[in-house]
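What follows is one structure encoded as structure tokens, with my remarks underneath.
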Number of protein chains: 4
Amino acid sequence: MGMVGGGPDAFIGAVHRMAANLDGKIELVCGAFSRSADKSRQMSRQLALAPGRCYADYKQMFEQESWLPADQRMEFVSIVTPNHLHFEVAKLALEAGFHVLCDKPATLTLDEARQLAEIRQQSGCLYALTHTYTGYPMVVAARELVARGELGRIRKVVVEYHQGWLADTNASLGKQAAWRLDPAQAGVSCCMADIGVHAANLAEFICNDEIEQLSADLGASAGRVLDDDGVVMLRFAGGARGLLSASQIAVGEENDLRIRVYGEKASLDWSQQEPNSLRLMHANKPLEILRTATPQAAALGGITRTPPGHPEGYLEAFANLYRQFAEQVEARRKQGLPGKNTLPGIREALRGMAFIETVVAASASQQKWHPL
Amino acid sequence: MGMVGGGPDAFIGAVHRMAANLDGKIELVCGAFSRSADKSRQMSRQLALAPGRCYADYKQMFEQESWLPADQRMEFVSIVTPNHLHFEVAKLALEAGFHVLCDKPATLTLDEARQLAEIRQQSGCLYALTHTYTGYPMVVAARELVARGELGRIRKVVVEYHQGWLADTNASLGKQAAWRLDPAQAGVSCCMADIGVHAANLAEFICNDEIEQLSADLGASAGRVLDDDGVVMLRFAGGARGLLSASQIAVGEENDLRIRVYGEKASLDWSQQEPNSLRLMHANKPLEILRTATPQAAALGGITRTPPGHPEGYLEAFANLYRQFAEQVEARRKQGLPGKNTLPGIREALRGMAFIETVVAASASQQKWHPL
Amino acid sequence: MGMVGGGPDAFIGAVHRMAANLDGKIELVCGAFSRSADKSRQMSRQLALAPGRCYADYKQMFEQESWLPADQRMEFVSIVTPNHLHFEVAKLALEAGFHVLCDKPATLTLDEARQLAEIRQQSGCLYALTHTYTGYPMVVAARELVARGELGRIRKVVVEYHQGWLADTNASLGKQAAWRLDPAQAGVSCCMADIGVHAANLAEFICNDEIEQLSADLGASAGRVLDDDGVVMLRFAGGARGLLSASQIAVGEENDLRIRVYGEKASLDWSQQEPNSLRLMHANKPLEILRTATPQAAALGGITRTPPGHPEGYLEAFANLYRQFAEQVEARRKQGLPGKNTLPGIREALRGMAFIETVVAASASQQKWHPL
Amino acid sequence: MGMVGGGPDAFIGAVHRMAANLDGKIELVCGAFSRSADKSRQMSRQLALAPGRCYADYKQMFEQESWLPADQRMEFVSIVTPNHLHFEVAKLALEAGFHVLCDKPATLTLDEARQLAEIRQQSGCLYALTHTYTGYPMVVAARELVARGELGRIRKVVVEYHQGWLADTNASLGKQAAWRLDPAQAGVSCCMADIGVHAANLAEFICNDEIEQLSADLGASAGRVLDDDGVVMLRFAGGARGLLSASQIAVGEENDLRIRVYGEKASLDWSQQEPNSLRLMHANKPLEILRTATPQAAALGGITRTPPGHPEGYLEAFANLYRQFAEQVEARRKQGLPGKNTLPGIREALRGMAFIETVVAASASQQKWHPL
């Protein structure tokens, strides 16, 4: 694969590389890691890329890689730039005939996402979006339990994503904070675009349902243009009521993503910070804790790499997305049928951008409900 | 004390009696336990009341107890009837000059609550409302931490109260369910009047702040007139944003009341099902678990009866309200100054009824925000 | 009931009184609360005892109460003195024809316990020992699960009881510590006599089995004569292997009593600090959490007073022993058959004293195994 | 690196490969994966090794790799065979001048371990042993806290390692079980050699102390020659008392390794199944939860790859050993000074084998204490 973004200071680029490395099946062969040529070369050396495979920019990379023989050029590109470049880079990559794996959110606006869907359609290439949390085996198990009807009709969904790292409005919060709080790089939203959209995606993924209407109240701490906190009331197409809370100013919270899904027959509860357990609640029997890599969980799908009780985490979840994408790419190369997978793609790109724009508009409105 | 309600099948009446018994300071001397004279006598025998102190109804009780010498008659009345009788009983008791301890909600309507406030004012009697959860020592500690400014300005409040016992709409759910789902006995709301109001009270109690505006979405399962689930967006007078979720159809949940309060400097997290711990989150140091009966917690107030690690629970929290009320009554009898206490009273009665009526109206409205 | 011990500074006396009060069925009518007549009178006034029912000492109390008419005198005595008086007080009470409920350990030596068993036999009176932790409903449920064979043959038992309150050897630790560390008042052991014996009792209670052999290593911190920490290897008559750890110097632990029982088919795990949950582990299905007051738990016995999710604690567990004892006393009074109960009695008194003496001897020995 | 063992059915070989891959710094260049040439070739193809780098056996591998130019041959060998081959393979590798990273236990007997120490000394090569759990960042933090004196003098250590996967003595338990229960392949012990030794290592690692004496009681379920469960009393050189429990028949336990260390000033508690938290208990302040990747934890050392709240697990801990070993190898290659590291090596190899042999001998003995 090739990589755009992910220079020396980048957090998510390093995560993508570790995720790609884990199974030893994906080789990083080229990159355009930074707008700064120096930083890009520095990264390239650090990663021991072959000479000539570090490019000045992504346009050059797509062009030159296209000229290489099929068995030498990158097969897909991993996009890990700040949000405002996602669309442009993905567009060019698809137009150049490369499969795309892109960090979320897919684009800066819903309009861009619609264009991207069009472009992908015409390119015939694969496109996947790293909604990381859908890679956790117990999240896949949760989705499967709902799909099998184990919970009955879903009545209520509570999803929360609370972090505290932007709590201090006085401190200089570093590069990671700066671009997320800058409308030019992050779009119309900080908190909802960065993490709220993960929460919405997780709810739709597990319930295999769509948010149909929402009402929102976002807030920005003193001196900020974009939201750093918000609450949202949800109504799902399938009839469930729900709520979503997201925050980057919840002092002391680390990465507290949790979802509870209440059905007519049973309910489930999953927390990202203890990802290897899934709580199953029933009306007439004891609470059950379903655990990663047990036979019961294995039967519900989800990729695992260790036996029960040997914890897996965030990098493994991320690697599950890479593994599935690599399998799709390989199937395409071999002209075989792609296997079943749970990878988020263009559909989730559109849903995500619609969520972000609607939630921002809803918060500014005195009208209660807004269709999504 | 005397008791109105709390017959042989009643849940909350038995709880009140155990709470009153615990410290051995309050004696139950009379009662009108049931509309059925048989059941009332049965209860009276079971409780070994003195002959002649089991009354046919509460009117008779207030009248006849008034005629007894001051050192023999009941000093206060505990009201544990279904909701629709709370106002009438409390009114008569206050007018007869008896102090009142009433189960919540205080009345069936906000209008009744306003009348009650007036009556209490004129009576000069004491009035307290058993918002049980404010009796837990770690809830009192949480309030004190906020009051001392340990959290800084509050930015966000998340409060949830989820139960599953009304989930099955087909089953006959027994007496406890029947009256709560009947508008004639329960008023305009089931879920919000039964438990949502506890959640709202807990948030206002801990933050020492008021909900200023809200937006709500309630729901009733098939065949029900009153709500059995709902979500509410909150805005507090002090500037905090919040959300409240309550449900009686959350399959598998027992009595899952939890509150998180996020401030500018620190945050706290308390769960009723593990009431002896209070999680304190800070920006720049490890999470702390404050525990009941430790010196650190003791310094924050809150009544405890056992050393650290010897768990206390719901009955002890309830008993803390009774103990404080008994101390108020004793201070009044001795014409002394009443000590500091955290007992909910008429103010909370008014707030609670306003919350219930506003949340029901807000849910039916297409307008987003509703003042409270 | 009457009470011996439990003066103004006593911890366990107050606990016994609250436990006796909770259900409103037991009345404290007399007492000899302290060696100090002043303190005893102070306690008596505080408890509003009838005049003349506060006695100078327990001998006087037993004598004078015997002279009262049957419907006025105390029916049983609750003994809550320091350990060294348990035997003497219980002996006199039984000889005077009073039923006895005694705080543990039953006596100061195994020899005394044997004498006591003899005396009780001759008296025909009831005798119970407050091994509190057997009063928790989930402990009763655990015992029942084992008895029903749900776990299969027991293979391993791990029981721990860790506290930290005696950790500081420099500090003056107050009255509670002083008598426990004084051989004249506490006997041959501090830690094992105070809490280790609870752990041993809990293991034998749940497994319905006996420790047959043990090997021990106790320790005393600088300046102490009696043990404040120890580890013990166990072999049960039924073939299980086990270990017991107890400590009063485990800095930061509150009252951390936990037992795990591993059987051939299933296992269980219970912690006193979260007493309303019982973890059930199975070979081929998810972990289950059995919860107090649910129908599943109710079917296994155990007394509860609140619905699921309304936590019960230490005082309720203690009250369960009192309730069962009161029922035994009442059945005896009415010459009826006593109902089934799980009250610890003389058998547990003998087992407990044998455990304490054996573990102390084993620790001092170079021989590995010691019969119990 | 090269690999010996780790064929298609092997669990731990795959783990080692993922751990080596994670950071993208270590390349697997050759292997002798199985006694079966077919299986070895199958593995080689699966891993896309260069032709000619899959060897028939490890002797051939060491010989032929030696002949390659320094910049082409493997720099170190990873040994992941069953236990009985560890010594022979490590010996030959060291004698051929290759650094060795070996799965634990280091050898089959203490005598072999002593020989190995001698051989390593003469070879001048690096040797490391994958006691995985020392790779967890919170374990490194725990060791550092003890080293800094934050706990004061250690008084008591409780370490447990409970699994249930060998509980069913009737079932055919597969290849992983078969060799561990076979004395010819596993040595004198199953449970203690497989997991008990991890527990002992963890205790010595965190406390930076040595077990000086022990007393043990091991057991084997019906039909088994080697132990599958055991309890051990410990005395440490530094004066602490301790106990160790290990089991492979604890039905329902997954990989429940937990250690508690009680000092004079503070205590700590770590569980492998929730590895990103470290509980710190103090005498006079609230319990603290120290979390991976927070600034407080980072200051205590320990390698992390994600921000707080993004869980890391077993593979990351394993990768931390590989990363440290790769850094040692690189420093050696560059003739630089090796950095500080916490890698277990020959010393731990000797301690581990001494533990295993002593614990087995102690269990068979009627003498209480056995030096280690």
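The values are calculated or read from the model by the stated rules, or taken from the named source; none is laboratory data. As the structure is a prediction and not an experimental result, all values here were calculated from the model. Cβ coordinates were reconstructed from backbone atoms using ideal geometry, including for glycine residues, and neighbour counts include every protein chain displayed. Each accessible area value is taken on the protein alone, full model and side chains, heavy atoms only, with ligands, DNA and RNA left out. Shrake-Rupley method; radii C 1.70, N 1.55, O 1.52, S 1.80 Å.
Just a few scattered comments:
- Selection count where residues are within 15 Å of D:Gln60 (Cα to Cα) and surrounded by 18 or more Cβ atoms within 10 Å (Cβ to Cβ), scope region D:30-48: 6
- Selection of region D:189-231 for residues being outside any helix (DSSP H, G or I), among the small types (Gly, Ala, Ser) and crowded, with 23+ Cβ neighbours inside 10 Å yields D:Ser189, D:Ser215, D:Ala216, D:Gly230.
- Among the residues of region D:103-142, those that are in a loop (DSSP other than H, G, I, E, B) and touching a Ser or Thr at 6+ places or on another chain (Cβ under 7 Å) comprise D:Asp103, D:Lys104.
- Selection within region C:262-292 - small (Gly, Ala, Ser), in contact with a Gly (Cβ under 8 Å, 6 or more places away or on another chain) and either part of a strand (DSSP E or B) or away from chain D (no Cβ under 14 Å) (or both): C:Gly263, C:Ala266, C:Ser267
- Some residue of region A:11-23 being away from chain D (no Cβ under 14 Å), under 29 Å from A:Leu350 (Cβ atoms), touching a Lys or Arg at 6+ places or on another chain (Cβ under 8 Å) and surrounded by fewer than 23 Cβ atoms within 10 Å (Cβ to Cβ): no
- Whether a residue is in a helix (DSSP H, G or I), open to solvent by 10 Å² or more (accessible area, probe 1.4 Å) and in contact (Cβ under 8 Å) with a residue 40 or more places away in the chain was assessed, and C:Leu145 passes this test.
- Beta carbons closer than 8 Å, at least 6 apart along the sequence or on distinct chains, pair a first residue in region A:258-275 that is free of Cβ contacts under 8 Å to residues at least 12 places away in the same chain with a second that is surrounded by fewer than 24 Cβ atoms within 10 Å (Cβ to Cβ) for A:Glu274/D:Glu274.
- For region D:218-236, the count of residues that are free of Cβ contacts under 8 Å to residues at least 60 places away in the same chain and under 27 Å from D:Thr342 (Cβ atoms) is zero.
- The helices (runs of 4 or more DSSP H) falling completely within region D:293-372 that include 3 or more residues that are among the charged types (D, E, K, R) and open to solvent by 50 Å² or more (accessible area, probe 1.4 Å) map to D:314-333.
- Qualifying positions in region C:85-99 - open to solvent by 20 Å² or more (accessible area, probe 1.4 Å), under 26 Å from C:Pro183 (Cα atoms) and out of contact with any Gly (no Cβ under 8 Å at 6 or more places or on another chain): C:Phe87, C:Glu88, C:Lys91, C:Leu92
- Reported count of residues in region D:159-172, each being more than 19 Å from the chain's Cα centre (by Cα) and within 8 Å of chain C (Cβ to nearest Cβ), is 3.
- Taking region A:45-79 as the range and being within 14 Å of another protein chain (Cβ to nearest Cβ) and either among the polar types (S, T, N, Q) or part of a helix (DSSP H, G or I) (or both) as the test, the residues that pass are A:Arg45, A:Gln46, A:Ser78.
- Pairs with Cβ under 6 Å, 6+ apart, first in region B:193-209 and over 17 Å from B:Asn255 (Cβ atoms), second among the small types (Gly, Ala, Ser) and open to solvent by less than 20 Å² (accessible area, probe 1.4 Å): B:Ile206/B:Ala142
- Residue list for region D:270-281, filter: farther than 30 Å from D:Glu357 by Cβ and open to solvent by less than 40 Å² (accessible area, probe 1.4 Å): D:Asn276, D:Ser277, D:Leu278, D:Leu280, D:Met281
- Qualifying residues in region D:237-254 (those that are open to solvent by less than 10 Å² (accessible area, probe 1.4 Å) and more than 8 Å from chain C (Cβ to nearest Cβ)) - the one nearest to D:Ala167 (Cα to Cα): D:Gln248
- Residue check, C:Leu257 open to solvent by less than 10 Å² (accessible area, probe 1.4 Å), within 7 Å of another protein chain (Cβ to nearest Cβ) and under 23 Å from the mean Cα position of the chain (by Cα): no
- When A:Thr306 is tested against (1) closer than 20 Å to A:Asp209 by Cβ; (2) at pLDDT 95 or above; (3) among the hydroxyl-bearing types (Ser, Thr, Tyr), exactly one condition is not met: (1).
- Scanning region B:150-181 for residues that are free of Cβ contacts under 8 Å to residues at least 12 places away in the same chain and either open to solvent by 50 Å² or more (accessible area, probe 1.4 Å) or assigned to a loop (DSSP other than H, G, I, E, B) (or both) yields B:Asp168, B:Asn170, B:Ala171, B:Ser172, B:Leu173, B:Ala178.
- Residue identified as closer than 17 Å to D:Leu315 by Cα and either assigned to a loop (DSSP other than H, G, I, E, B) or in contact (Cβ under 8 Å) with a residue 12 or more places away in the chain (or both) among D:Arg35, D:Arg17: D:Arg17
- Checked against (1) closer than 30 Å to B:Arg291 by Cβ; (2) crowded, with 23+ Cβ neighbours inside 10 Å, B:Tyr127 meets all criteria but (1).
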